[in-house]
Amino acid sequence: MRDGYKGTGPGAITPDGCAVEVYTRLPVGNEPDVIATAAPAGAHILELGSGVGRVTHALLQRGFTVTAVDESAEMLEHVRGARTICGPIEHLDLGETFDVVMLASFLVHSGDVEVRRGLLRTCSRHVAEGGCVLMQREGEDYHTDLPRERVYPSGFTTRIVSAEPAGDGVRSVHAEYEFSGAVWTQTFLSRPLTREQFEEALAEAGLRVDRYLTEDRVWVRAVPMTAR
């Protein structure tokens with residue numbers, strides 16, 4: 001388990017506190033639609049932090065080729081139809097490049113600055129000339145107006161219960177996932193980033209914002225700084 005991370009509930013828990021079974025139950029959101037608007041048709045996507053393949057499988061159905069990377073072998077056991085690679089994202093070096101590199105799930109907000117730098121260097125290292133990096137940022141209200149919950153039509157609830165200061169600009173976030181007959185929790189570290197701080201972090205890795213893909217600026221299309 002990574003320092004500052006924790007998970008409870010039935011089944012396997014990943015090093016960052018995620019419960020594998022929770023992610024097998026969660027539906028895919030709007031991620032595939034957002035990605036499809038920003039990626040070339042039929043692109044080969046390097047999905048960093050694929051988990052059980054919620055987004056992976058939807059992208060495959062849209063005609064993309066996907067290489068799915070996750071540090072949890074238990075997560076990757078659920079991925080079907082994609083090449084899978086198990087290992088820490090921040091150290092990944094496949095010696096190849098991809099049309100699209102995807103870093104979702106707010107991973108860019110890692111509480112550890114060196115891990116964040118490693119993640120972004122991985123993105124920069126693997127994006128092909130003329131390609132792009134698609135990232136998901138935290139919403140501007142992610143750490144405020146808590147607790148916050150979402151009740152899904154199928155009858156389960158997800159909650160962000162708290163986001164407490166943990167020092168050095170980092171917050172310890174506590175989340176709950178409540179399904180019929182089972183509850184899981186996750187505690188993880190998150191470093192909030194203003195838009196300016198986010199763009200500075202990209203620049204440090206040789207990337208720049210091409211455009212924000214959603215009105216709330218949660219989804220971002222970035223390109224190498226050398227790209228025109």
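What to note about this one:
- Output for the range 183-214, where each listed residue is under 25 Å from Val161 (Cα atoms) and either free of Cβ contacts under 8 Å to residues at least 24 places away in the same chain or in a strand (DSSP E or B) (or both): Val183, Trp184, Thr185, Gln186, Thr187, Phe188, Leu189, Ser190, Thr194, Arg195
- Sole exception among (1) within 25 Å of Val113 (Cα to Cα); (2) outside any loop (DSSP other than H, G, I, E, B) for Leu60, by number: (1)
- Flag: Leu60 does not match the condition of being surrounded by 18 or more Cβ atoms within 10 Å (Cβ to Cβ), in contact (Cβ under 8 Å) with a residue 60 or more places away in the chain and over 26 Å from Val151 (Cβ atoms).
- Qualifying residue in the range 125-146 (condition: open to solvent by 60 Å² or more (accessible area, probe 1.4 Å), part of a loop (DSSP other than H, G, I, E, B) and within 18 Å of Gly17 (Cβ to Cβ)): no
- Residue satisfying condition, being acidic (Asp, Glu), touching a Gly at 6+ places or on another chain (Cβ under 6 Å), under 22 Å from Ser172 (Cβ atoms) and not in a strand (DSSP E or B), within set Glu21, Glu90: Glu90
- Within the range 88-106, restricting attention to residues that are in contact with a strand residue (DSSP E or B) (Cβ under 7 Å, 6 or more places away or on another chain) and small (Gly, Ala, Ser), the residue that is farthest from Phe64 (Cα to Cα) is Ser105.
- Filtered by the rule that a residue be open to solvent by less than 50 Å² (accessible area, probe 1.4 Å) and outside any strand (DSSP E or B), the range 147-177 gives Tyr152, Phe156.
- Of Arg117, Arg217, Arg211, all but one fail to be more than 22 Å from Glu31 (Cβ to Cβ) and out of contact with any Gly (no Cβ under 6 Å at 6 or more places or on another chain); the exception is Arg117.
- The condition (being aromatic (Phe, Trp, Tyr) and open to solvent by 20 Å² or more (accessible area, probe 1.4 Å)) is satisfied by just one residue among Phe98, Phe106: Phe106.
The values are calculated or read from the model by the stated rules, or taken from the named source; none is laboratory data. As the structure is a prediction and not an experimental result, all values here were calculated from the model. Heads up, the Cβs are rebuilt from the backbone with ideal geometry, glycines too, and the neighbour counts pull from every protein chain shown. Side chains included, ligands, DNA and RNA excluded: accessible areas come from the protein's heavy atoms. Shrake-Rupley method; radii C 1.70, N 1.55, O 1.52, S 1.80 Å.
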